[in-house]
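Here's the structure, in structure tokens; my notes come after.
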Amino acid sequence: MTLLTRVLLVNSGVVMVGAIVGTWLTERLVLSGASSTRSTLVILFAGIGLVLSIGLNYLVLRAAFWPLATLERTAEAVRRGDLSARVERLPANDPQMARLGLVFNQTLDQLADERASLQRVASQVITAQEEERKRISRELHDETAQMLFAGLLRVAAYKQSNNPDIRAAAAALEETTVDALEGVRRLALELRPPALDDLGLTAALQDLAQRYGEQLGIPVEIRARGSRIRLPADVELVLYRVAQEALTNAAKHARAHQISIDLERTESEVTLSVRDDGQGFDPDQRRVPGRGGGLGLFGMAERLSLVGGGLLIWSAPGRGCEIFAWAPANRVTAHERRNVA
């Protein structure tokens with residue numbers, strides 16, 4: 001029965017019972033003839049009728065609205081991020097409520113399928129992007145850098161010339177070539193650091209902290225705790241990119257005097273924290289003016305979600321910033337979380 005039918009039937013029953021009891025009570029009171037007894041019984045039966053009416057309506061309405069409470073709990077679970085929550089099918093349910101729950105579950109299933117599809121596409125795009133970065137980095141290191149180094153050797157030969165003008169031009173050209181060679185090597189490292197593939201995340205972060213410390217002229221401290229066993233390649237890459245983006249944002253906008261990187265590995269999880277004492281910003285703003293270059297804050301969170309991790313940002317104007325990321329420490333957990341998502 002529909003909710004309207006249930007409430008109508010119960011209220012009709014209450015009215016019918018009240019009418020019968022009231023008629024019988026009136027008849028008895030008229031026959032008894034006692035005014036004091038009549039008044040007491042009228043008050044008593046009126047109270048009993050009121051309590052019964054409210055009680056029955058409460059029980060029926062509670063049962064009738066139970067599916068709405070289930071819908072509310074499911075919607076709240078989805079709002080908190082549990083996309084696996086679904087509306088349970090209840091026995092003797094209102095057909096309208098049952099259809100509403102079915103449509104709600106179908107919508108959630110469709111959203112889950114679309115989210116999984118978007119994650120697959122995003123994963124493919126990120127993989128292609130990293131492969132392209134790797135290729136360009138290799139070409140810069142193996143070809144462009146080698147050509148510049150060969151040119152540097154020729155310039156060194158010109159510096160031995162007896163002509164002072166040639167020596168001066170060779171010295172200036174040598175300085176320019178050295179700067180270009182250093183820029184190419186730095187770009188190759190930023191695109192794909194060899195330490196990440198060869199030595200792991202900790203070594204790559206140490207190299208990253210050293211380079212940014214020299215670039216900014218401020219201390220960039222790094223602390224690594226826990227196991228040194230290699231993480232899955234995709235987890236290492238994502239955490240490295242998060243640290244790289246956080247340092248890039250700090251270099252461009254934070255005006256910090258000190259930056260610290262904290263990497264902690266447990267049996268099941270790895271966490272990464274990048275803190276600075278700079279000018280900070282409002283993390284509630286979707287688009288922070290002057291920020292968000294490269295991967296951006298959204299890109300960090302999106303990459304972490306692909307490996308079953310997440311991202312938190314604590315900041316306020318004038319109070320610095322902390323980027324906190326976490327991810328599963330083993331490939332099985334990451335795979336299972338991606339399937340759940």
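Bear in mind that the values in this text are calculations on the coordinates, not laboratory data. It should be emphasised that the depicted structure is a prediction, and the values quoted were computed from it without experimental measurement. When we count neighbours, we look across all protein chains shown, and the Cβ atoms used for this are built from the backbone with ideal geometry, even at glycine.
Overview of values
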read-out: Cleavage-rule hits, trypsin sites (Lys or Arg not before Pro), region 135-180, DSSP coil, Cβ neighbours within 10 Å at most 10; value: none
read-out: Karplus 3J(HN,Hα) series, Hz, for region 214-220 with 6.51 cos²θ - 1.76 cosθ + 1.60 (x for Gly, Pro); value: 5, 5, 8, x, 10, x, 10
read-out: Other-chain or far-sequence residues with amide H under 5 Å of A329's (modelled H); value: E269, V270
read-out: 5 angstrom amide H check on A224, placed H, neighbours 5+ away; value: L263
read-out: Shape parameters for region 52-142, alpha-carbon atoms, Rg then Dmax in Å; value: 23.7, 89
read-out: For L231, distant residues with modelled amide H under 5 Å away; value: L201
read-out: Neighbour cut-off at most 15 other Cβ (10 Å), DSSP loop, GluC sites (Glu not before Pro), region 75-168; value: E88
read-out: Using θ = phi - 60° and Karplus 6.51 cos²θ - 1.76 cosθ + 1.60, couplings along region 325-330 (whole Hz; Gly, Pro as x); value: 10, 9, 7, x, 8, 9
read-out: Using a Förster distance of 25 Å, the FRET efficiency for E143-A122 (Cβ separation, nearest 0.05); value: 0.20
read-out: For region 245-253, 3J(HN,Hα) per residue [Karplus equation, 6.51 cos²θ - 1.76 cosθ + 1.60, θ = phi - 60°, Hz, x = Gly/Pro]; value: 5, 5, 5, 5, 5, 5, 5, 7, 10
read-out: Förster-model FRET efficiency, 22 Å R0, E132 and A180, C-beta, rounded to 0.05; value: 0.45
read-out: Neighbourhood charge, 13 Å Cβ-Cβ cut-off, centred on Q210 and excluding it, Lys, Arg +1 and Asp, Glu -1; value: -1
